[in-house]
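Before any comments, here is the structure.
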Amino acid sequence: MKKLVLALAAAAVFSGSALAADLPARTYSKAPVMPEPVANWTGFYLFGGFGGGLWAADTYTLNPATGNCILCAHQTQGGGGWYGTVGGGYDWQFSGPWVAGVFGDGQFGSLSGTIQDQGPFFAGREKLKDTWAVGIRAGYLVAPNVLSYVNGGYTGSNWSATSMINTGNLAATGFGTPSFNRNGWFFGGGVENNLNIFGITAPGLFMKTEYRAAYFDGIDLADTSGATAVASIHFKPLVQTISTSLVYRFNWSGPVVAKY
């Protein structure tokens, strides 16, 4: 009886092994490998948009003949408004996520405010009409299609002439200050992103939002009526702006999409 049981057990083991040997080998599929997202930010771009800004100017009044101050207390005059902007540039992408480039732009509008002659109590309407800037920027790709950057460079501005009124009775005085240009330096920063992140299929189309602060040289503006100068107004402006623009990048290639 024991011999019969042992024989049956051996036969079962042998047949099971033979059956397993006849079965095809099981294969396991691997999960798809996601390629590293890549983007090419090197190339030319153009942009256009709009924004708002404020200017504030440190002012005091001088004797136009001697240059000595008449009212030596410094006052801050200012204004604000809206503007449009256009420009272009070239970027280089290097060392993976780093981007650097050069650019130039112009801003056109009317940032209006008040300028005062503190001697005879006159005031006029001063307007920042347009500015231009050339500079460099450097940034880091926080995502393949999102660039965070800082910038800085040289800038110029064009300001209007004014017609002064008497601040007591609002009557015209016949006095005024001339138009003028001032140059200076700026710094700022912003974020630029491909519009595909909003579900818009727009290869090469980007949006950027940027803050900028521009510091311009001071100037002494003669408050005159004909050949008569009642005073000179020292005017040293700081202009702060924020803008949103559409950007078109000519050779943009975006992140690779994995295929299974």
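The values are calculated or read from the model by the stated rules, or taken from the named source; none is laboratory data. All values derive from a computational prediction rather than experimental measurement. Neighbour counts are summed over all protein chains in view; Cβ atoms, including those assigned to glycine, are modelled from backbone coordinates with ideal geometry.
The condition of being surrounded by fewer than 19 Cβ atoms within 10 Å (Cβ to Cβ) and farther than 30 Å from A57 by Cα holds for only one of S163, S253, S179, S225, that being S253. Among the residues of region 37-67, the ones that are over 30 Å from R125 (Cβ atoms) and either of a type outside the set (S, T, Y) or assigned to a strand (DSSP E or B) (or both) come to 10 in all. Listed by first and then second residue, the pairs with beta-carbon distance under 6 Å, at least 6 apart or on different chains, first residue in region 166-190 and closer than 18 Å to G119 by Cβ, second hydroxyl-bearing (S, T, Y) and part of a strand (DSSP E or B), are N166/T173; G174/S225; F175/S225; G176/T162; G176/S163; T177/T162. Scanning region 163-175 for residues that are in contact with a Phe, Trp or Tyr (Cβ under 9 Å, 6 or more places away or on another chain) and assigned to a strand (DSSP E or B) yields S163, M164, I165, N166, T173, F175.
If the condition is being of a type outside the set (A, V, I, L, M) and over 11 Å from D223 (Cα atoms), then region 163-172 contributes N166, T167, G168, N169.
Screening L205 on (1) surrounded by 14 or more Cβ atoms within 10 Å (Cβ to Cβ); (2) within 30 Å of T76 (Cβ to Cβ) shows it passes everything except condition (2). If you check I136, I115, which single one turns out to be farther than 20 Å from G43 by Cα and part of a strand (DSSP E or B)? After ruling out the rest, the residue left standing is I115.
Remark: L246 falls outside the filter, which requires a residue to be loosely packed, with under 14 Cβ neighbours inside 10 Å and closer than 28 Å to L54 by Cα.
Taken over region 191-225, the criterion of being touching a residue at least 40 places away in the same chain (Cβ under 8 Å) and of a type in the set (G, A, S) is satisfied by G204, A214, G218, A222, S225. Do we have any residue at all in region 51-70 that's modelled with pLDDT of 90 or more, touching a Phe, Trp or Tyr at 6+ places or on another chain (Cβ under 7 Å) and hydroxyl-bearing (S, T, Y)? Among the residues of region 51-70, at least one is modelled with pLDDT of 90 or more, touching a Phe, Trp or Tyr at 6+ places or on another chain (Cβ under 7 Å) and hydroxyl-bearing (S, T, Y), which makes the answer yes.
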